[in-house]
Amino acid sequence: MSRTVTVGLDDSPESRAAAEWAAGEALLRGLPQYVARTPFLDLDGYQRWAQRLTHESAEGIRLRHPGIEVITEQLTGTVADVLCEAAGFADVLVLGARALSGLRGFIVGSVSLGIVARAERPVVLVHAEEQAADEHRTDPAGVPPAAAPFRPVVLGLDIDQPDDTLLEFAFDAAARRNTALRAVHAWPEPPTSFHRFPGDAEPHDTLERGQASLLSKVLRPWRQKFPDVEVIEVSRGGSAAQVLVGDSRDASLVVVGRRIRTGSFRAHIGHVTHSALHHVTAPVAVVAHG
């Protein structure tokens, strides 16, 4: 299979939103969109219905995104297995996530979390409320026209273990959107931050400046590699998950990492990535790295 932007499709609103986002990403990357109809029951009636749904979805994408090549396929097997296999041939795998009714946050089901934890290619989670235009800045009337500039791409970065795969994905995403990259790093506040005493300010300020300097050092070679990308450096003390969610409210895309754990029997995506998937309203890209 050639390189594609792959989306898992069922009849849910969140998967349709994911398909729309994937179409826009395919246009940005100049790649075909591969629509994988996820398996359910191998019954004749279901197969006919699934074929019709897949055909209608593909035709709708072609009409709304002229020039994009859409490849469709119905897959058999377990959802997690077939999508992880499809992801192996893709630049990006796109899935949907459902909003919690009446509560702040989103439902990322066990199947989707399992795919995120297993796939070794980037996986993007898109919420049902997200439309392609939502990636763009709003006009004075509050409407986000598709021709408007993209909102910033936000990168959650651990400067103790920076990874080139994660950094390149984030910088490339910002470059393709012709928008800024906001690199967010959080560091733990020292205990004295919660009960300041005279003389505490100087050590705290020294720590703050040191962390900001380390962030700049990590980003410096990537600024040189992507000179047209405006980089906004954010270094804050506090919970990494809370800082990232707070700084992602106006993002077009949020990029986080997941370390590949060889020999591990348990799927693990990390606390910060887990929080981003459940609480960030923008699409979230999870980039697996060594």
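The values are calculated or read from the model by the stated rules, or taken from the named source; none is laboratory data. Note that the structure is predicted; figures quoted are calculated from it, not measured. No Cβ is skipped: glycine too gets one built from the backbone with ideal geometry, and neighbour counts run over all protein chains shown.
Every listed requirement among (1) loosely packed, with under 15 Cβ neighbours inside 10 Å; (2) modelled with pLDDT of 75 or more; (3) not aliphatic (A, V, I, L, M) is met by residue 96 save one, (1).
For residues in the stretch 108-130 being closer than 12 Å to residue 282 by Cβ and surrounded by fewer than 23 Cβ atoms within 10 Å (Cβ to Cβ), which is modelled with the highest pLDDT? Among residues in the stretch 108-130 that are closer than 12 Å to residue 282 by Cβ and surrounded by fewer than 23 Cβ atoms within 10 Å (Cβ to Cβ), the one modelled with the highest pLDDT is 129.
Looking across 245, 280, 287, one residue alone is closer than 17 Å to residue 98 by Cα and either surrounded by 22 or more Cβ atoms within 10 Å (Cβ to Cβ) or modelled with pLDDT of 90 or more (or both). It is 280.
Pairs linking a residue in the stretch 201-227 that is among the β-branched types (Val, Ile, Thr) to a residue that is surrounded by fewer than 16 Cβ atoms within 10 Å (Cβ to Cβ), with Cβ atoms under 6 Å and 6 or more positions apart or on different chains, do not occur.
Return yes or no: is residue 202 at pLDDT 95 or above and either of a type outside the set (Gly, Ala, Ser) or touching a Gly at 6+ places or on another chain (Cβ under 9 Å) (or both)? In short, no.
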